[in-house]
1. For region 141-179, which GluC sites (Glu not before Pro) pass both filters: DSSP loop (anything but H, G, I, E, B) and at most 11 other C-beta atoms within 10 Å?
2. Measure out, as a whole number of angstrom, how far apart the alpha-carbon centroids of region 193-240 and region 7-81 sit.
3. Between D138 and S14, what length comes free when the chain is fully extended (0.36 nm per residue of separation minus the Cα-Cα distance, one decimal in nm)?
4. Provide the FRET efficiency to the nearest 0.05 for the K184-S324 pair, computing r from the beta carbons and using R0 = 25 Å.
5. Report the paramagnetic label zone for S267: residues of region 4-46 whose backbone N is under 19 Å from a point 7 Å from Cα along the Cα-to-Cβ axis.
6. In terms of the Cα gyration tensor, with a ≥ b ≥ c the square roots of its eigenvalues, is region 221-341 rounded because a/c is under 1.5, prolate because a/b exceeds b/c, or oblate?
7. Of all beta bridges DSSP finds with both residues in region 107-231, what is the antiparallel percent, to the nearest 5?
8. Do any of K81/K184; K70/K184; K24/K186; K81/K203; K33/K330; K184/K330 go past 26 Å between their Cα atoms, and which?
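None of the figures in this text is laboratory data; all of them are computed from the coordinates on show. All values reported here derive from a predicted model rather than from experimental measurement. Here the Cβ is made from the backbone with ideal geometry for all residues, glycine too, and neighbour counts use every protein chain on show.
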Amino acid sequence: MLTGANLDINQINSNVPVILDCIKGDLIIEPDKETETYYDKIISDYKERKFYESDLLQEPAISEDGIQVKVQINVDNLFDKPDLPSENCDGVGLTRTEYLFTRGYLPDEDEQYEFYSNLIIWAKGKPVTFRTIDAGGDKPIPQLTPENEMNPYLGLRGIRLSLSEIRVFRTQLRALLRASCLGKVKLIIPMVTENSEILSVRKLVKQEISDLRNKGVMAEMPELGMMVEVPVAALQIEDFDVDFYTIGSNDLIQYLASVSRNNPSVSGLYHADYPALWKLIASVTAHGKAKRREVSICGNIAGDSKYTQKLLAAGIRSFSVSTSSVYAVKAEIRSTSLNLK
Ligand code: PEP
Ligand code: MG
């Protein structure tokens with residue numbers, strides 16, 4: 001996918017050949033013969049590499065000195081199975097459930113249950129982490145997110161919105177709790193700012209479990225984790241009573257640097273090279289280690305192999321990445337020595 005291009009797509013005539021190079025960030029309209037040949041070669045090399053990678057993909061990510069690191073996948077699309085067998089990863093570290101709500105209506109409990117169940121069945125006993133609806137900000141949802149907010153990224157989004165639209169939230173929790181009997185399900189709460197939000201979610205989850213059980217429906221208490229993406233939450237991580245943490249570096253960078261994650265005019269400031277970001281990641285992983293609670297990372301830097309070594313050095317031992325990044329991240333982990341006693 002190429003975003004932020006300064007181009008009116010309607011100006012391209014239909015039936016005109018184009019080459020979309022999302023690695024370089026180029027859209028080439030009406031390429032000449034030489035360019036076409038160049039890209040044909042790139043495509044055939046890519047296919048060959050994929051074929052060779054498919055063997056190595058099945059192997060676990062074990063560092064040079066024998067430490068196993070988790071490589072899980074991010075799932076945005078619940079409508080199809082992930083394009084990777086579950087044997088090739090350590091489960092799902094992030095499911096962006098909000099995309100189920102973008103089809104013009106809010107799906108009911110049974111429809112949601114179907115989608116969640118399909119993913120759990122695909123995982124064959126490996127953990128599946130569902131993030132509760134993270135609507136708002138860059139993910140507006142008709143009938144759910146408020147319109148005309150002054151500053152939607154700082155407004156009613158993530159768990160703030162779910163706790164104010166309690167009926168929609170309870171419906172989602174019931175579907176997830178029912179599905180949690182089918183495998184190892186974990187729940188993750190987006191945009192957590194205060195521990196009071198975690199307490200509210202825990203209370204709701206317990207109520208829904210007991211209501212379901214009273215009706216004779218099986219429901220399990222899943223592990224409850226938080227997205228670490230709001231700077232105050234990262235800075236005072238010891239305040240939160242959760243079972244695990246997932247660093248959302250996409251939003252964490254946005255809020256730390258006060259730079260929108262999707263505004264091309266300031267995109268030069270939106271990057272992962274702020275030392276403050278790395279100090280914060282290291283302090284969250286140190287806290288997780290002291291408390292024996294898993295800290296994983298699921299923002300885009302988790303899947304960018306140029307940051308793998310730096311993340312390992314910051315104490316990350318669990319990654320959640322898009323399926324297309326699994327191979328590169330595993331390969332990078334395998335070539336790194338963690339030097340642990
Ligand atoms: C993040 O913020 O890093 C993240 C993984 O969540 P999203 O990109 O969906 O906001
Ligand atoms: Mg986020």
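1. Here the GluC sites (Glu not before Pro) that fit, given the DSSP loop and packing criteria, are E147.
2. Taking the Cα centre of each part, region 193-240 and region 7-81 sit 37 Å apart.
3. Gain on extension, D138 to S14, equals 41.6 nm.
4. 0.55
5. Label zone hits: 4-12, 19-29.
6. It comes out oblate by the Cα gyration axes.
7. 10 percent
8. K24/K186; K81/K203; K33/K330
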